[in-house]
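**Student:** I have a structure I would like to understand better, so I am pasting it below and will then ask my questions one at a time.
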Amino acid sequence: SNVVTVIVAEVINVTVTWQDAANVTVSPGQTNAVLMFKVTNTGNGTEPFLLTGNATVAGDQFDPTLASIYLDTNSNGAYDSGTDTLYVPNVNNPNLAANGVVNFVNVFILANIPALGVVDGNLGFATLTATSKTGTGAAGTIFALQGDGGVDAIIGATTGTATATGKYVISSVLVSINKSATVSDVYGGTRAITGSTIRYSMTVTATGSGTAVGVVITDAIPAFTAYTAGTLKLNAGALTDNLDPDAGDVGGTTAGTVTVTLGNMTNLTAVQTILFDVTIN
């Protein structure tokens, strides 16, 4: 018999998937917030893909500003500044093999978050699109002799392009202080006269889904008063006046000022109460 030769054409297919396990938490004004995507060549030949990002996507509450796109150089699934490669369109398009361990690439979108006009819980979307450099079109579209190895290329079910959407969520925190004063005079009344005691009370709370890191409360001793030694308290526990390992001091960190360190605070942190007394000169 004569020899019958059948040449298998290249089928162009690609998928893009968002890889972060949950919405990526960001704070107002944050720069270079990272979203991770995976671009996979699901066709049957080696194919280069053009990558494009878009941070103006319908359906969110704010628009991030696209900063850059990086390729996961060391394939560790995490963005490494100074190690991963800045993507430049049509200069270093990922050329992905088929049916092997190198048929995908991790891609990072870095975006800047608006400093104003966003509140806790707002969502911002960004997309990554991978497009075959050979071509796109309806499934079944043929690009003659343009496939891997010079065979015909046929557009598969993905139409030669794919897009995935990643999501940022604003995680902000508001620390609120409520201060009150109670006056006790030397005659058992509540008049503010020489020798009267003023007890200041401050309650500190945190609201929102973020974390206030390293909260420090400072309060200057009012003019024409003198701090009453040994009266500084945090949550009913006495603090020393000196600058030492406990949470508070009077005049040690800043002259003439009460300083209390509360540490990290979230909306789950109990209300923090600070008390101290002064005497009217």
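**Student:** Filter segment 193-226 down to the residues that are open to solvent by 30 Å² or more (accessible area, probe 1.4 Å) and under 26 Å from the mean Cα position of the chain (by Cα) and list them by number.
**Tutor:** Listed by number, the residues that qualify are Thr205, Thr207, Ser209, Thr211, Val213, Gly214, Val216.
Yes/no per residue for (1) of a type in the set (A, V, I, L, M); (2) open to solvent by 30 Å² or more (accessible area, probe 1.4 Å); (3) in contact with a Cys (Cβ under 8 Å, 6 or more places away or on another chain); (4) within 17 Å of Ala220 (Cα to Cα):
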position: Asp241; (1), (2), (3), (4): no, yes, no, yes
position: Pro245; (1), (2), (3), (4): no, yes, no, no
position: Asp249; (1), (2), (3), (4): no, no, no, yes
position: Thr257; (1), (2), (3), (4): no, no, no, yes
position: Val260; (1), (2), (3), (4): yes, no, no, yes
position: Gly263; (1), (2), (3), (4): no, no, no, no
position: Thr269; (1), (2), (3), (4): no, yes, no, no
position: Ile274; (1), (2), (3), (4): yes, no, no, yes
position: Thr279; (1), (2), (3), (4): no, yes, no, yes
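**Student:** Test Asp80 against the stated conditions and say whether it is buried (at least 16 other Cβ atoms within 10 Å of the Cβ) and among the charged types (D, E, K, R). Break it down stepwise before answering.
**Tutor:** Details: buried (at least 16 other Cβ atoms within 10 Å of the Cβ): no; among the charged types (D, E, K, R): yes.
No.
**Student:** Taking the condition of being within 17 Å of Asn41 (Cβ to Cβ) and buried (at least 20 other Cβ atoms within 10 Å of the Cβ), how many residues in segment 162-180 meet it?
**Tutor:** Going through segment 162-180 one residue at a time, the tally reaches 1.
**Student:** Scan segment 255-281 and report the pairs whose first residue is closer than 16 Å to Lys233 by Cα and whose second residue is open to solvent by 40 Å² or more (accessible area, probe 1.4 Å) and among the basic types (Lys, Arg), with Cβ atoms within less than 7 Å and a gap of 6+ or a chain change.
**Tutor:** Pairs found: Leu275/Arg199; Leu275/Lys233; Asp277/Arg199.
**Student:** Within segment 179-234, track down each residue that is among the aromatic types (Phe, Trp, Tyr) and either in contact (Cβ under 8 Å) with a residue 40 or more places away in the chain or closer than 30 Å to Val24 by Cα (or both).
**Tutor:** Correct list: Tyr200, Phe224, Tyr227.
**Student:** Among residues belonging to segment 61-76 that are of a type outside the set (Ser, Thr, Tyr) and open to solvent by 30 Å² or more (accessible area, probe 1.4 Å), point out the one that is farthest from Ala33 (Cα to Cα).
**Tutor:** If we filter segment 61-76 for residues that are of a type outside the set (Ser, Thr, Tyr), which is where we start, we get 61-64, 66-67, 69, 71-72, 74, 76.
Now drop any that are not open to solvent by 30 Å² or more (accessible area, probe 1.4 Å), which leaves 61, 63, 66-67, 74, 76.
Working: Gln61: 17, Asp63: 13, Leu66: 10, Ala67: 9, Asn74: 20, Asn76: 18 Å.
Among those that are of a type outside the set (Ser, Thr, Tyr) and open to solvent by 30 Å² or more (accessible area, probe 1.4 Å), it is Asn74.
**Student:** Could you pull out the residue among Leu275, Leu232 that is out of contact with any Ser or Thr (no Cβ under 7 Å at 6 or more places or on another chain) and within 24 Å of Ala206 (Cα to Cα)? So that I can check it myself, show each step before the final result.
**Tutor:** Values: Leu275 fails: out of contact with any Ser or Thr (no Cβ under 7 Å at 6 or more places or on another chain).
None of the other options fit; the residue is Leu232.
**Student:** Let me ask something additional. Considering only residues that are of a type in the set (A, V, I, L, M, F, W, C) and part of a loop (DSSP other than H, G, I, E, B), look in segment 43-99 and name the one that is modelled with the lowest pLDDT.
**Tutor:** Looking at the filtered set, the residue picked out is Ala98.
**Student:** So, in segment 100-130, exactly how many residues are buried (at least 20 other Cβ atoms within 10 Å of the Cβ) and not in a strand (DSSP E or B)?
**Tutor:** The total comes to 2.
**Student:** Quickly run through segment 10-29 and pick out the residues that are surrounded by fewer than 18 Cβ atoms within 10 Å (Cβ to Cβ) and either at negative phi or aliphatic (A, V, I, L, M) (or both).
**Tutor:** Hits for segment 10-29 are Thr15, Thr17, Gln19, Asp20, Ala21, Ala22, Asn23, Thr25, Ser27.
The values are calculated or read from the model by the stated rules, or taken from the named source; none is laboratory data. Note that the structure is predicted; figures quoted are calculated from it, not measured. Backbone-built Cβ (ideal geometry, glycine too); neighbour counts: all protein chains shown. Surface accessibility is based on the protein's heavy atoms, side chains included, excluding ligands, DNA and RNA. Shrake-Rupley method; radii C 1.70, N 1.55, O 1.52, S 1.80 Å.
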